[in-house]
Amino acid sequence: MTVARFWRKIPHRYNLIGTHCTTCGEYYFPPRQMCPSCRRDGKIESYQFEGKGEVVTYTVIHTAAKGYANQVPYNLAIIKLDEGPSLTGQVICEPKELEIGTRVRPVFRKLGEESEKGMIYYGTKFVPE
Amino acid sequence: MSYGAYIPRYRIKLEDIAAVWGADAASIKKGLKVNEKSVPGLDEDAITIAVEAARNAVKRGNIDTSRVGAIYTGSESHPYAVKPTSTIVAAAIGAEPVLTAADYEFACKAGTAAIQTCMGLVVAGMIDIGVAIGADVSQGAPGDALEYTAAAGGAAYVIGSSDLAAIIEDTYSFTTDTPDFWRREGMLYPEHGGRFTGDPGYFKHVTSAAKGLMEKIGSKPSDYDYAVFHQPNGKFPERAAGMLGFSFEQIKAGLVVPMLGNTYSGSCMIGLAAILDQAKEGDRIFMTAFGSGAGSDAFSITVTDKIEDIRNNAPKVQELLADPIYLDYANYAKHKGKIRV
């Protein structure tokens with residue numbers, strides 16, 4: 001990932017900044033600049049999600065991508081935030097502690113790094129509540 | 001105005017470290033008065049710890065982060081040699097962009113130096129609120145004496161002039177060029193002067209700063225309900241307290257090192273947080289940090305009635321210490337990056 005690409009996503013990754021359509025009340029993460037339901041009638045505002053939600057489904061990664069080998073086995077889950085939208089994130093706990101429906105809260109963690117001398121990516125992961 | 005701490009969940013018992021290096025665990029535990037130490041998660045470093053501590057401080061005090069005019073983070077394990085930890089904290093707590101920020105390094109007292117800087121800026125009227133953080137994932141070479149205590153954790157303090165949970169009455173520093181501990185650029189682990197870190201380092205600076213502050217403000221050990229001294233192990237703060245005339249009862253609440261280890265820049269500041277977790281209105285607290293290299297910062301603090309309003313809004317130190325996940329030495333080595341893949 002290039003530096004600029006990560007930098008653009010800092011607000012979303014650090015603080016779960018998404019958007020909210022005040023016309024229909026829908027919440028979006030990642031943020032949408034136009035409400036797909038209300039189209040031109042939609043009024044979009046920035047919205048910070050609290051980050052609490054529940055696990056919709058998850059998988060346990062045993063064969064990791066480059067840079068994540070030292071973390072296996074780790075949990076990758078789809079989390080439905082309390083406001084509605086779903087996102088994919090890592091849940092830090094033993095796989096046996098995780099179930100569909102587990103309530104989670106956000107934590108600030110290292111997401112990865114470009115290389116030993118490259119930049120470090122930080123952002124949101126989750127832990128059981 | 002507020003405070004927050006953060007401690008990773010992982011621990012290693014000193015027995016497991018001693019077993020690898022053929023050392024006598026019972027004698028090391030007795031000598032250091034430490035039973036276990038905290039270990040960072042695989043995805044935790046001084047930045048993530050600083051952010052979690054700062055977020056706990058903001059949450060506890062319900063702080064409007066747009067008022068924050070300065071963030072200083074003290075650590076000897078900043079993940080970047082060049083690129084501030086404090087700018088990442090600023091973004092993560094929503095304090096960007098109108099603020100000044102910088103990182104501090106002064107072995108184990110970089111966090112209290114950050115408190116003093118924020119105090120100065122607030123008193124001078126240059127900023128409304130400052131955030132001072134001490135956070136470390138401290139390093140100890142495999143088999144070195146430091147490996148038995150070098151731990152991970154941090155604490156953050158929000159410094160302002162109104163809505164105070166505690167008043168910092170005064171501060172006093174004692175600093176000399178004493179090479180008792182250092183880490184050269186590019187080196188993975190620090191070097192130290194062995195027993196030289198004791199009398200000419202820790203005890204000289206801690207007692208001089210503590211006596212200096214009490215003389216300056218006309219106080220004495222019996223005026224204080226609590227005291228906390230830098231905790232490289234359990235023995236040093238007990239001995240320093242005795243040398244100065246403080247009792248074990250006064251330091252007991254803040255003595256977190258037996259179950260936590262030495263969190264370097266976080267050490268004294270987590271000890272203070274543990275005291276604030278239980279102190280009452282009007283209680284006086286005496287704190288003296290120590291950083292090798294060397295220097296000590298002493299503080300005299302009085303708790304206000306606001307402490308009761310904010311105390312339960314964020315995790316207390318004893319809650320952060322509870323429910324640990326124990327690692328064996330191999331997994332500890334992986335967590336600390338001693339095994340590289």
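Side notes on the structure shown:
- Across region A:94-112, the qualifying residues are those that are part of a strand (DSSP E or B) and more than 9 Å from every other protein chain (Cβ to nearest Cβ), and the one among them that is nearest to A:Pro11 (Cα to Cα) is A:Pro106.
- Flag if B:Asn312 is part of a helix (DSSP H, G or I), among the polar types (S, T, N, Q), within 14 Å of another protein chain (Cβ to nearest Cβ) and open to solvent by 40 Å² or more (accessible area, probe 1.4 Å): no
- Taken over region A:1-45, the residue count meeting the criterion of being outside any loop (DSSP other than H, G, I, E, B) and within 14 Å of chain B (Cβ to nearest Cβ) is 11.
- For the residues B:Tyr10, B:Tyr6, the requirement of being open to solvent by 20 Å² or more (accessible area, probe 1.4 Å), of a type in the set (Phe, Trp, Tyr) and within 19 Å of A:Tyr122 (Cα to Cα) singles out B:Tyr6.
- Of all residues assigned to region A:73-83, none qualifies as being of a type in the set (Ser, Thr, Tyr) and away from chain B (no Cβ under 13 Å).
- Residue match in region B:85-95 (condition: in contact with a Ser or Thr (Cβ under 7 Å, 6 or more places away or on another chain), open to solvent by 10 Å² or more (accessible area, probe 1.4 Å) and either farther than 19 Å from B:Val317 by Cβ or of a type in the set (Ser, Thr, Tyr) (or both)): yes
Conditions tested, residue by residue: (1) in contact with a helix residue (DSSP H, G or I) (Cβ under 8 Å, 6 or more places away or on another chain); (2) away from chain A (no Cβ under 14 Å); (3) not in a loop (DSSP other than H, G, I, E, B).
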| residue | (1), (2), (3) |
| --- | --- |
| B:Ile71 | yes, yes, yes |
| B:Glu76 | yes, yes, no |
| B:Pro79 | yes, no, no |
| B:Ile88 | yes, no, yes |
| B:Ala101 | yes, yes, yes |
| B:Val122 | no, yes, yes |
| B:Gly140 | yes, yes, no |
| B:Leu164 | yes, yes, no |
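- Every condition in (1) among the β-branched types (Val, Ile, Thr); (2) more than 12 Å from chain B (Cβ to nearest Cβ); (3) not in a loop (DSSP other than H, G, I, E, B) is met by A:Val127 except one, and the failing one is (2).
- The helices (runs of 4 or more DSSP H) falling completely within region B:201-282 that include 3 or more residues that are open to solvent by 20 Å² or more (accessible area, probe 1.4 Å) and in contact (Cβ under 8 Å) with a residue 24 or more places away in the chain map to B:204-217, B:235-244.
- Residues that are touching a strand residue (DSSP E or B) at 6+ places or on another chain (Cβ under 8 Å) and of a type in the set (Ser, Thr, Tyr) were ranked within region A:81-129; the one that is most open to solvent (accessible area, probe 1.4 Å) is A:Thr88.
- In this structure, A:Lys52 does not qualify as within 11 Å of chain B (Cβ to nearest Cβ), modelled with pLDDT of 95 or more and in contact with a strand residue (DSSP E or B) (Cβ under 7 Å, 6 or more places away or on another chain).
- Within the option set B:Ala53, B:Ala57, B:Ala46, being under 25 Å from B:Ser162 (Cβ atoms), within 13 Å of chain A (Cβ to nearest Cβ) and either open to solvent by less than 20 Å² (accessible area, probe 1.4 Å) or among the acidic types (Asp, Glu) (or both) holds for one residue only, B:Ala53.
- The numbered conditions (1) free of Cβ contacts under 8 Å to residues at least 24 places away in the same chain; (2) open to solvent by 50 Å² or more (accessible area, probe 1.4 Å); (3) not hydroxyl-bearing (Ser, Thr, Tyr) are all true for B:Asp323 except (1).
The values are calculated or read from the model by the stated rules, or taken from the named source; none is laboratory data. Not measured: the values here are computed from a predicted model. Methodologically, a virtual Cβ is constructed for each residue, glycine included, from the backbone with ideal geometry; neighbour enumeration extends over all protein chains shown. Side chains are part of the model used for accessible areas, which takes the heavy atoms of the whole protein and leaves out ligands, DNA and RNA. Shrake-Rupley method; radii C 1.70, N 1.55, O 1.52, S 1.80 Å.
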